[in-house]
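Here is the structure we will look at.
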Amino acid sequence: MSLCILAGGKAVVLAISAFTLSWTHSVEKIEWQEDWKITPTGLVLDLARVKGSGAGMEPGDGAVLKDGWWVWAPETPAIPELRLAASGKTVSAWRLCHAADCTELGKQAGETIVLAACDRK
């Protein structure tokens with residue numbers, strides 16, 4: 001499987017099967033992390049973690065506190081794509097990490113960033 005990243009009219013392909021997306025909430029200033037799997041049917045949210053709670057940041061159903069993080073496994077279907085806003089006015093960029101590397105997305109204001117499974121059926 002591969003992840004396609006579309007941003008600013010450019011496409012990047014990463015030969016990966018999973019990634020972690022993290023960011024700092026713009027109002028609460030609390031870190032949020034999500035583990036995603038790339039499948040033939042799209043992107044699947046496997047696990048979510050939040051360092052606290054607040055406005056719009058409530059831990060999901062079944063969340064447990066582990067090492068200061070609320071952790072839970074959302075039960076959501078695969079999605080064809082994930083769209084990330086890039087206003088340039090938030091506390092942090094989106095951080096996409098996989099086994100070998102991390103990269104920041106949307107640090108500067110720009111077009112929406114689209115993440116999708118390249119080989120989706």
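Values computed for the structure shown
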| item | result |
| --- | --- |
| Segment 1-16 residues that are farther than 15 Å from Pro40 by Cβ and free of Cβ contacts under 8 Å to residues at least 24 places away in the same chain, paired with ones that are surrounded by 16 or more Cβ atoms within 10 Å (Cβ to Cβ) and of a type in the set (A, V, I, L, M) (beta carbon under 6 Å, 6 or more apart) | Val12/Ile5 |
| Extreme residue, nearest to Ser22 (Cα to Cα), among residues of segment 78-101 that are at pLDDT 85 or above and basic (Lys, Arg) | Arg95 |
| Residue in segment 2-14 that is surrounded by fewer than 17 Cβ atoms within 10 Å (Cβ to Cβ), assigned to a loop (DSSP other than H, G, I, E, B), at pLDDT below 95 and touching a Leu at 6+ places or on another chain (Cβ under 7 Å) present | yes |
| Every residue from segment 102-121 that is at pLDDT below 90 and part of a loop (DSSP other than H, G, I, E, B) | Gly106, Lys107, Gln108, Ala109, Gly110, Glu111, Thr112, Asp119, Arg120, Lys121 |
| Residues (surrounded by 16 or more Cβ atoms within 10 Å (Cβ to Cβ) and of a type in the set (Ser, Thr, Tyr)) located in segment 25-41 | Thr39 |
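The values are calculated or read from the model by the stated rules, or taken from the named source; none is laboratory data. Everything numeric here is computed off the predicted structure, so don't read it as measured data. Heads up, the Cβs are rebuilt from the backbone with ideal geometry, glycines too, and the neighbour counts pull from every protein chain shown.
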